[in-house]
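The structure under discussion appears below in the form of structure tokens.
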Amino acid sequence: MKLMRMAGLNRRVALRAGMMGAVALTSWGAAAVARAQTEIQSAVRLKLATITTGFAAGGSSDVTARLLADYLRGKYAAAVIVESKVGAGGRLAAEHVKGGATDGSNLLVSPSGMMVLFPHIYKSLRYDPLMDFVPITSLASFPFVLAISTLVPASVHTLADFIAWCKANPKQASFGSPGAGTSAHFSGIMLGRRAGMEYAHVAYRGMAPLVQDLMGGQIASGVLTPADALPLMASGKLRLIATSGTSRSRFMPDVPTYTELGFPDIVIEESYSLYAPAGIPPNTVAQLASLSHQMLARPETQERFSQMGLEVKPLAPAQFRATLTSLYERWGGIVRASGFTPQD
């Protein structure tokens, strides 16, 4: 009975849609809401909770984790801190959380690629995303953006133009991503295959050096996140020609999707999401999902996400697990079709 009330509260605090396409709040009686909130928020009272991320401070993943930590502090645990375990594309963070406490004090904020893509590209992955973790909720989502640099002639403005240029200049036709085996990397592989062109990949150690080379015209194109692409639009040094979203981003309304441009298979959206190690109590999962959705509904959270080109994306735990399972299967097919050789 308690779990039913918790699930009801989760629906009650889900994020309003508006322009952002989130879930509308269900109308409850004030007394029922207050009673359910009291039960969930009293279910767990920890002294300390740690949210681990796999990326450096200041990036959008880290900012997302810190926004959540600030909101959970005092509501979920007396102290909530964010800890970075940088390395191996985020795998170190996942391994660390997998082996930690299961009482709700040990949490992970991670891009979905670590859970749905990495199992297909690393032979010796030290975690099973579907068995070792409990998916709590997604927090924010974003597509990737294809940007072309000043290395490409100014006359090239569209994806069709760029593909024609790449075919005419195969030695210069290249794209950068923040690392081999990332979702961004595979979006470039898919474009090259679908367009029937040579499209060499250059792996960078993160977005910062990739953006630097793009700005300097050292590489023809790059696959960026909105957080990296948006500040550069006004510079005139980069042209954004396609996004991998299911629809156009409201942050880049003039940039068409790959689907619009004749490549319906190139639909890739990443999400920053909250996970816990397997064994966390169900009532704690419900509490964390509810509090996370409350945080996402706040205007100040939505404004901060908008600054990074992120869309709020609350999902109930069961819905989130189903989404991850579907993405896991889809990425398996994409990796096999690409001919990518799994790494150690």
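The values are calculated or read from the model by the stated rules, or taken from the named source; none is laboratory data. Predicted model, so just to flag it, every value in this text is computed and none were measured. Cβ: placed from backbone, ideal geometry, glycine included. Neighbour counts: every protein chain shown. Side chains are part of the model used for accessible areas, which takes the heavy atoms of the whole protein and leaves out ligands, DNA and RNA. Shrake-Rupley method; radii C 1.70, N 1.55, O 1.52, S 1.80 Å.
Mind checking which of 309, 291, 247 is farthest towards the positive end of segment 242-344's charge dipole, using Cβ charges of +1 (Lys, Arg) and -1 (Asp, Glu) about the Cα centre? Of the listed residues, the answer is 291.
The structure shown yields log10 I(q)/I(0) by the Debye sum over Cα atoms at q = 0.07 Å⁻¹, and of the options (1) -0.30; (2) -0.44; (3) -0.39 that calculated value carries the label (1). Normalising the average separation of contacting C-alpha pairs (under 8 angstrom, six or more residues apart) by the number of residues puts the relative contact order of segment 210-344 at 16 percent. Just going by the charge dipole of segment 44-134, with Lys and Arg at +1 and Asp and Glu at -1 on Cβ, which of 90, 122, 68 is farthest out on the positive end? Most positive-ward Cα: 68. Screening the chain for whole DSSP H helices with an alpha carbon extent of at least 20 angstrom along the helix axis and a mean Kyte-Doolittle hydropathy of at least 0.0 yields 282-297. Pairs exceeding a 30 Å alpha-carbon distance, out of 47/98; 47/313; 85/171; 85/313; 75/98: 85/171. Rolling a 1.4 angstrom probe over segment 113-209 with all protein chains present gives an accessible area of which 55% lies on carbon and sulfur atoms. Highest-first packing order for the peptide set 295-301, 312-318 is 312-318, 295-301, based on the mean count of other beta carbon atoms within 10 Å.
Here the chain is assigned +1 on the Cβ of each Lys and Arg and -1 on the Cβ of each Asp and Glu. Its dipole about the Cα centre then comes out at about 660 debye. Each peptide in 261-268, 178-185 was scored by the mean count of other Cβ atoms within 10 Å over its residues; highest first, the order is 178-185, 261-268.
At 1.4 Å probe size, with every protein chain present, just tell me what the per residue accessible area of segment 200-279 comes to in Å². Write out the running numbers ahead of the final one.
Values: 3280 Å² over 80 residues.
Dividing the accessible area of segment 200-279 by its residue count gives 41 Å².
Under a 5 Å amide H cut-off, with hydrogens placed 1.01 Å from N, residue 278 pairs with 133, 134 among residues at least 5 apart or on other chains.
Applied to segment 198-206, the Karplus parametrisation 6.51 cos²θ - 1.76 cosθ + 1.60 on θ = phi - 60° returns per-residue 3J(HN,Hα) values of 6, 8, 6, 9, 10, 8, 10, 8, x Hz, with x for Gly and Pro. DSSP finds beta bridges in the chain, and of those with both partners inside it, around 55 percent are antiparallel. Rounded to whole numbers, the Karplus 3J(HN,Hα) couplings from phi for segment 249-259 are 6, 5, 7, 9, x, 8, 9, x, 7, 4, 4 Hz, using 6.51 cos²θ - 1.76 cosθ + 1.60 with θ = phi - 60°, and x at Gly and Pro.
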